[in-house]
Amino acid sequence: MVKMIACSFCLLAGLLVSDSLGLDITVSPHVLVVKAPGEVVTVHTDIAYGAVGDCMLNVNGSGLAVTTFADNCGNLVVQCSRADVVAVLGDGATTADFTLTVDTVAGSFSASDSVAVKR
């Protein structure tokens, strides 16, 4: 009985984890204006919040501290400090490359999105 429940959970988690191609993300805002006001940068995903164990967000290769929660559809949303993103970018960056890696019972998935940076 326990094995059947565990197998059912793994199957369900596998169904909750995006499609077979992996994870899709969208970063908001789509253009990061360095001098504009704002507290956070948000990464929207297509993976169920309940299916995710750990996650890691990198911007231009640097790991950032994140907070996570579920959106109205039950999907994972990841937020990081806008000030931390700007600090990682330095003075010359014209794009910010975001890579999100999530660990689930069905495996590890990664996806990337880039946003333009305006000074």
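Since every read-out is calculated from the coordinates, none of them should be taken as a lab result. Please read all numbers here as calculations on a predicted model, not as lab measurements. Using ideal geometry, Cβ is built from the backbone for each residue, glycine included, and neighbour counts are taken over all protein chains shown.
General observations
- When 32, 64 are sorted by how many other C-beta atoms sit within 10 angstrom of their C-beta, beginning with the fewest, the order is 64, 32.
- Local electrostatic count at residue 67 - Lys and Arg +1, Asp and Glu -1, tallied over other residues with Cβ under 15 Å: -3
- The amide H of residue 40, built 1.01 Å from its N in the peptide plane, has 82 as neighbours under 5 Å, considering only residues 5 or more places off or on other chains.
- Peptide ranges 96-105, 46-55, 110-119 listed from the most packed, as the mean C-beta count within 10 angstrom indicates: 96-105, 46-55, 110-119
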